Amino acid sequence: MMPIWVYVVVAFVIAGASFVVAQIIPGAGMTFVTTASTIWVSYAIWRGRRRARLG
């Protein structure tokens, strides 16, 4: 498991990037948040399972 600050930083980066995307393409911010969050959660789970298997 990663330190909690990593999750906080990633959440702020996703939120900030989503705001920028929404300003450029109206309505695309929510799609970006959904996609980025799904990718992040998938990566975090994959990394956790991999570390549990190896360690």
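Atom-type composition of the exposed protein surface of the chain places 73 percent of the accessible area on carbon and sulfur (1.4 angstrom probe). Over the chain, accessible surface divided per residue gives 80 Å², non-protein components excluded, 1.4 Å probe.
With a cut-off of 15 Å between beta carbons, the residues surrounding Pro3 carry a summed charge of +2, where Lys and Arg count +1 and Asp and Glu -1.
For the chain, the longest principal axis of the alpha carbon atoms and the long axis of helix 4-24 meet at an angle near 20°. The calculated 222 nm mean residue ellipticity attributable to helices in the chain amounts to -31000 deg cm²/dmol, summing -39500 (n - 2.57) over DSSP H runs of n ≥ 4 and dividing by all residues.
Sorted on the mean count of surrounding Cβ atoms within 10 Å across their residues, most packed first, peptides 13-21, 38-46 read 13-21, 38-46. Scan (i) 68; (ii) 57; (iii) 75 for the value of percent of Cα pairs over 12 Å apart calculated from this model and give just the label. So the calculated entry is the one marked (i).
The values are calculated or read from the model by the stated rules, or taken from the named source; none is laboratory data. This is a predicted model, so every value here is computed, not measured. Neighbour counts are summed over all protein chains in view; Cβ atoms, including those assigned to glycine, are modelled from backbone coordinates with ideal geometry. Only protein heavy atoms, including side chains, enter the accessible area calculation; ligands, DNA and RNA are left aside. Shrake-Rupley method; radii C 1.70, N 1.55, O 1.52, S 1.80 Å.
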